[in-house]
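Engineer: The structure follows.
Read-outs throughout are calculated quantities, based only on the coordinates presented, and are distinct from any laboratory measurement. The structure presented is a predicted model; accordingly, all values stated were derived computationally and were not measured. FYI the Cβ positions are ideal-geometry reconstructions off the backbone, even for glycines, and counts take in every protein chain you see.
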Amino acid sequence: MTSEETYEAGMTVRRQVLGDAHVDKATDNINEFNSDFQEFITRYAWGEVWTRPDLARRERSLITLAMLIALNREDEFRMHVKAALNNGVTVAEIKEVLLQSGIYCGLPAANSAYHAAERVFTELNIDFK
């Protein structure tokens, strides 16, 4: 694919995974300072990696959640909880990722992620109790 085709494929996947509202907000805020970064995210993260055929989007979402817990990146984690739900990941599966992360990433990281996930579920009116 050409560079432009990779970007367009990335934008398509980005919108499908994160939703139009999220992507529109990000693209509406593009300016001279962040434009290269937004292009980079779309082309490489979404266009080069998320379009690869050997992992399904739901698998990529589960892996991404685990890595964001390990890195303690709450804002990105919350965004990717929503994306995971868009990709067919269930609340039960997110719970399992959180439990697993408690062992391998540490209890404070998992505890923080539990609270963040619960806020997302509440925001989206998803019953998790």
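Engineer: Taking springs between alpha-carbon atoms closer than 10 angstrom, which of Ser35, Ser61, Ser101 fluctuates most in the Gaussian network model of the chain?
Structural biologist: Ser35
Engineer: Follow-up question, since we're still on this one. Tabulate in residue order the Karplus-calculated ³J(HN,Hα) for region 107-115, using 6.51 cos²θ - 1.76 cosθ + 1.60 with θ = phi - 60°, rounded to whole Hz; enter x for Gly and Pro.
Structural biologist: For region 107-115, the Karplus curve yields 5, x, 5, 5, 4, 4, 5, 4, 4 Hz.
Engineer: Something else now. Could you check the spin-label model distance between His115 and Leu99? Points 7 Å from the Cα along Cα→Cβ, value in nm.
Structural biologist: About 2.3 nm, to one decimal.
Engineer: Okay, moving on. Within 13 Å, Cβ to Cβ, of Ala110, how many net charges do the neighbouring residues add up to if Lys/Arg are +1 and Asp/Glu are -1?
Structural biologist: Working: positive: Lys95; negative: Glu74, Glu96, Glu118.
Net local charge, Ala110 excluded: -2.
Engineer: How would you rank His115, His22, His80, going from fewest to most other Cβ atoms within 10 Å of each one's own Cβ? Working shown, then result.
Structural biologist: On the way: His115 10, His22 16, His80 25.
Going from least to most buried by this count: His115, His22, His80.
Engineer: Of Leu85, Leu98, Leu55, which has the largest mean-square fluctuation in a 10 Å C-alpha GNM of the chain?
Structural biologist: Most flexible of the set in this elastic network: Leu55.
Engineer: Summing Lys, Arg as +1 and Asp, Glu as -1, what charge do residues with Cβ under 15 Å from the Cβ of Ile126 carry, Ile126 excluded? Could you put the intermediate results ahead of the total?
Structural biologist: Values: positive: Arg78, Lys82, Lys95, Arg119, Lys129; negative: Glu93, Glu118, Glu123, Asp127.
Here the charged neighbours net out to +1.
Engineer: Let me ask you something else. How far is the Cα center of region 94-121 from the Cα center of region 1-35, in Å?
Structural biologist: Here the answer is 28 Å between Cα centres.
Engineer: If one takes the longest principal axis of the Cα atoms in the chain, at what angle in degrees, from 0 to 90 and to the nearest 10, does the Cα axis of helix 3-18 lie?
Structural biologist: The helix 3-18 is inclined about 30 degrees to the chain.
Engineer: Go through region 21-65 and name the chymotrypsin sites (Phe, Trp or Tyr not before Pro) that are in a DSSP coil and have 12 or fewer other Cβ atoms within 10 Å of their Cβ. Mind showing how you got there, number by number?
Structural biologist: On the way: sites: Phe33, Phe37, Phe40, Tyr44, Trp46, Trp50; in loops: Phe33, Trp50.
Hits after loop and neighbour filter: Phe33.
Engineer: Still on this structure, I have one more. Enumerate by residue number the GluC sites (Glu not before Pro) in region 21-87 meeting two conditions: DSSP loop (anything except H, G, I, E, B), and at most 11 other Cβ atoms within 10 Å of the site's Cβ.
Structural biologist: Details: sites: Glu32, Glu39, Glu48, Glu59, Glu74, Glu76; in loops: Glu32.
Qualifying residues, ordered by number: Glu32.
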